[in-house]
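> I am attaching a structure below and will ask some questions about it afterwards.
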Amino acid sequence: MDTNMFNKHPLLSSCVAIILMSGLPTSVFAGAAGSVLLAFQTIQSQPYAKDARLVEIKGEKGDPFPNEWSMLLADPTARGGVREIGISNGLITAERTPLRGFTEVANSPVIDSSKLLVDAPALFQAVQAEAVATRVSFHWLDYTLQVPANSLSPVWTVKLYDSLGGLVGTMGISADTGVLAVPMQLAEGVKSETDTKKVGGLVGKVSDLATQTAEKTQDTTLRIIGDLQEFLIGERTIGPGSDK
């Protein structure tokens, strides 16, 4: 990139600075369900929050994160005493009040919000670290947050699956500390990888997502700056054209 043109055109330099500080992609997982803590805050802002009690959070088929967090509440004001809310990036995407299949919800332990401190990225990092240590690979995850029997602190139960949907293993992560609560328990027939070149963890996704996002972010940034340059000074020397 020719930096001399920014000295020649101060307005272009100022506009570029604004672009670089704007909302360009900053996370390789921005399109997923987003923050678990934000989902919890969304529930707390709803009219039924004063009567409802959160007893379970689920996220299914995450690679590494699900498209939606499903929040299960024991709610005496709802039909059947149960309310199930789907939330993605802090927005409610689904809501239902099932009449069957949730008979034990009313007696389930309540998730204490003060003990829900580990958000999705840190949760996945803990899972990834344990998978690498155990030397097993996986393609997607199911997350379930509940308070175990004889405990006051919620625990994430995370199930790891292969590309065909076969269970690889199960582990537990503390929701208030992020430490391993239940070590990896491999499914029957699953063995740790012995190939030293394979270190386990989420197969391909993390590095691929990071690389693709970096490339897309760079192309998008250069294209925007090039469009602005062409508008201001009548020529384009930065980035791909708008037809690419």
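> Using mean Cβ contacts within 10 Å as the protection proxy, how do 87-93, 155-161 order, highest first?
155-161, 87-93
> Find how much the distance from residue 182 to residue 45 grows on full extension, using 0.36 nm per residue of separation minus their present alpha carbon separation; answer in nm with one decimal.
Taking residue 182 through residue 45 to full extension adds about 46.1 nm, to one decimal.
> In debye to the nearest 20, how big a dipole does the stretch 36-205 give about its Cα centre with +1 on each Lys and Arg Cβ and -1 on each Asp and Glu Cβ?
Once rounded to the nearest 20, the dipole reads 80 debye.
> When 143, 48 are ordered from fewest to most other Cβ atoms inside 10 Å of their Cβ, what list results?
Starting with the residue having the fewest Cβ neighbours, the order is 48, 143.
> Right, something else. Using the number of other C-beta atoms within 10 angstrom as an exposure proxy, rank 114, 35, 163 with the fewest first.
In increasing order of surrounding Cβ atoms, one gets 114, 163, 35.
> Of 61/115; 159/191; 58/159, which sit over 19 Å apart, Cα to Cα?
61/115
> So, one more: All other residues with a Cβ under 13 Å from the Cβ of residue 76 taken together, and with Lys, Arg as +1 and Asp, Glu as -1, what is their net charge?
Local charge sum for residue 76: +2.
> Sticking with this one: What is the order of 144, 42, fewest Cβ neighbours within 10 Å to most?
144, 42
A short reminder: the numbers here are calculations on the coordinates, not readings from a lab. This is a predicted model, so every value here is computed, not measured. Don't worry about glycine lacking a Cβ; one is built from the backbone with ideal geometry, like all the others, and counts go over all protein chains shown.
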